[in-house]
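Q: The structure is given below, and queries will be raised subsequently.
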Amino acid sequence: MIFLSNKKKTVDNPGPVVNAFGTPIHMMRRNLDPDTSHEAAEKLTAGKLEALVYEVIARHPNGCTSDEICRALPMHGVQTISPRYAPLIRKGYIEDTGERRKGGTKRSQRVLRVVKKDQ
């Protein structure tokens, strides 16, 4: 379950605040990365992106590939979407099913699905 605030967007509140998926900035870049990578990591709302990716995967009970996730989120490029998988897997929200499906490039892609957590 994702916990988003219902507050209206304002200058002080740019949008939903994600409580469940936030990734610390230091985990979104390497120390030796260029300064532009450090700036991008600080401005990126990783929790919000993780929540979007999670929501797409959750709509596919049989799992989905990266191509399917990217089609569902056309406003974001694959370079923005694919880095969200590892933190979601590490945090136990999604898993690699071990299944592979052919993607648009005819190469195999892993199938990801939501992990059902015990309540």
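Q: So which residues in segment 24-56 are touching a helix residue (DSSP H, G or I) at 6+ places or on another chain (Cβ under 7 Å) and at pLDDT 65 or above?
A: Selection gives LEU49, GLU50, VAL53, TYR54, VAL56.
Q: Kindly provide the set of residues from segment 77-94 that are surrounded by fewer than 18 Cβ atoms within 10 Å (Cβ to Cβ) and in contact with a helix residue (DSSP H, G or I) (Cβ under 7 Å, 6 or more places away or on another chain), ordered by number.
A: Scanning segment 77-94 gives VAL78, THR80, SER82.
Q: Something else now. Taking segment 73-119, which residues are under 12 Å from VAL56 (Cβ atoms) and touching a strand residue (DSSP E or B) at 6+ places or on another chain (Cβ under 8 Å)?
A: Answer for segment 73-119, where residues must be under 12 Å from VAL56 (Cβ atoms) and touching a strand residue (DSSP E or B) at 6+ places or on another chain (Cβ under 8 Å): TYR85, LEU88, ILE94, LEU112, ARG113, VAL114.
Q: Taking only segment 68-80 into account, find how many residues are touching a residue at least 24 places away in the same chain (Cβ under 8 Å) and either touching a Cys at 6+ places or on another chain (Cβ under 6 Å) or over 15 Å from GLU55 (Cα atoms) (or both).
A: 1
Q: Which one is nearest to GLU50 (Cα to Cα) among residues in segment 95-119 that are of a type in the set (Asp, Glu) and open to solvent by less than 70 Å² (accessible area, probe 1.4 Å)? Break it down stepwise before answering.
A: Going through segment 95-119, the residues of a type in the set (Asp, Glu) turn out to be 95-96, 99, 118.
From what is left, the residues that are open to solvent by less than 70 Å² (accessible area, probe 1.4 Å) are 95-96.
Numbers: GLU95: 14, ASP96: 16 Å.
Top of the filtered list is GLU95.
Q: How do the pairs read when you match residues in segment 88-99 that are closer than 12 Å to VAL111 by Cα with residues anywhere that are open to solvent by 50 Å² or more (accessible area, probe 1.4 Å) and outside any strand (DSSP E or B), using Cβ under 7 Å and keeping only pairs 6 or more apart or on different chains?
A: GLU95/ILE89; ASP96/ILE89
Q: Right, another one. Just one of (1) aliphatic (A, V, I, L, M); (2) open to solvent by less than 60 Å² (accessible area, probe 1.4 Å); (3) at pLDDT 90 or above trips up ALA20, so point out which.
A: The single condition ALA20 does not satisfy is (3).
The values are calculated or read from the model by the stated rules, or taken from the named source; none is laboratory data. Please read these numbers as outputs of a predicted model, since none were measured by experiment. Note that we place each Cβ from the backbone using ideal geometry, even for glycine, and neighbour counts take in every protein chain shown. Heavy atoms of the whole protein, side chains included, go into the accessibility calculation; ligands, DNA and RNA do not. Shrake-Rupley method; radii C 1.70, N 1.55, O 1.52, S 1.80 Å.
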